[in-house]
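First the structure, in the form of structure tokens, and then the observations on it.
The values are calculated or read from the model by the stated rules, or taken from the named source; none is laboratory data. Remember, predicted model here, so these are calculated numbers, not experimental data. These accessible areas exclude ligands, DNA and RNA; they are computed on the full protein's heavy atoms, side chains included. Shrake-Rupley method; radii C 1.70, N 1.55, O 1.52, S 1.80 Å.
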Amino acid sequence: MTALDAVRATPGLEAYVEEVERRLEAEVASHPGLVSAVGADALAAGGKRLRPVLTFLSSSPDDDPPVAGGVAVELVHMASLVHDDLIDGARVRRGRASAWTEHGVEAARAAGDYLFARAFAGLAATGDVDAVGVLADASLCLARGEALQRRQRHDPDTTIESYLERCSLKTGKLFEASCVLGGGRPDFGRLLGIAFQIADDILDCAGETIETGKIPGTDLRDGTPTLPLLLAARDDPVVRDAIAGGPLEGVLVRVAATGALERSREVALDYATRARQALNGAPRRDALDALADAVVHRSS
């Protein structure tokens, strides 16, 4: 049994994810029109639903499953992908045309806003003011992380610390919110989110589109300095030049030749280990531990 199989075998998880999926469809379809149709396309593209899974696994088996929280974090995640693709000019998402490519810039921008609105409307309907605050803080961090990424673009002198800050803002905080909306474990969520992002960045240099939702090499083409690119740039001036906007041909091969992928994987594993260390007393510790393993051992 793989680590992911162990997670999926958690009692009640399959039924929870099915209910989250049903509620996602209902939220997106709640106001029919163009933006709803664009949102439905984004929903149909699928995804791991990892954030709702985190929400479930962070909850107590004795309580009702936190469906509203799982739906809200997934809608925010979907909204951020629609906006990110628009900002980055990405034409493909999960093997399909991205929203702006299929429907136009204005429709995609409005659809992302719509998904954000549905996330907060659904969570506000529960009357849980604290939960709304948690999601609002995570959404603000997403915006801050995107702004930081814009500033780092084509900058091979980006520090590893600044890169990790970006990972924490763009990925870690929503993972953290997913856990908090389930009932706790914020440190586990934040650290796991950073590990997940590093693993994603490794796959972008050497992986499959099905794992990242992007065409491999997207970060290099966009000039986004990721951990494997930054580590490789220290050893290879051709990689450094490519990050800065120079020629790209053969650069991913050179990145692999420096050993940067293996060194990046070690960093991801370290963050996953630190996440596990934050699980003392967690009611579903075995499943959360298996999830941490699955996050950093995704197939390339």
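Computed with a 1.4 Å probe over protein heavy atoms only, the accessible surface of region 181-300 comes to 41 Å² per residue. Anisotropy class assigned to region 103-149 is oblate, per the alpha carbon gyration tensor with a/c at or over the 1.5 cut-off and a/b no larger than b/c. Counting only DSSP H runs of at least 4 residues, each contributing -39500 (n - 2.57), and dividing by the residue count of the chain, the helix-based mean residue ellipticity at 222 nm comes to -22000 deg cm²/dmol.
Between H154 and A9, full extension at 0.36 nm per residue minus the direct alpha carbon distance yields a gain of 47.9 nm. Here is the size of region 64-122 from its Cα atoms: Rg then Dmax, 12.4, 41 Å.
The radius of gyration of the Cα set in region 13-59, together with its Dmax, comes out at 11.9, 36 angstrom.
The value of relative contact order for the chain, using C-alpha pairs under 8 Å at least six residues apart, is 20 percent.
The gain in end-to-end length when the R22 to R234 segment is fully stretched comes to 71.6 nm, 0.36 nm per residue minus the alpha carbon separation.
Taking only the alpha carbons of region 135-276, we obtain Rg and Dmax values of 15.0, 48 Å in that order. If amide H atoms are built 1.01 Å from N in the plane of the peptide, which residues on other chains or at least 5 residues away come under 5 Å of the amide H of R93? Under 5 Å from the amide H of R93 lie the amide H atoms of S98, each far enough along the sequence or on another chain. Rg over Rh for region 1-149 works out to 0.98, using Cα positions for both radii and the Kirkwood form for Rh. Computed 3J(HN,Hα) for region 40-56, one whole-Hz value per residue from the Karplus formula 6.51 cos²θ - 1.76 cosθ + 1.60 where θ = phi - 60°, is 5, 4, 5, 5, 5, 5, x, x, 7, 6, 5, 5, x, 4, 4, 4, 5, glycine and proline marked x.
Taken one residue at a time, the phi angles of region 132-147 give Karplus couplings (6.51, -1.76, 1.60, θ = phi - 60°) of 4, x, 4, 5, 5, 5, 5, 5, 4, 5, 4, 5, 5, x, 5, 5 Hz. Gly and Pro are set to x.
Which angle from 0 to 90°, rounded to the nearest 10, does the C-alpha axis of helix 173-182 make with the longest principal axis of the chain? For helix 173-182, the angle is close to 20 degrees.
Taking every alpha-carbon pair within region 217-293, the share separated by more than 15 Å comes to 59 percent. Extent along the principal axes, Cα only, for region 251-300: 45, 18, 9 Å, with the longest axis given first. When the P(r) is computed for the chain, the part past 23 Å accounts for 55% of the Cα-Cα pairs.
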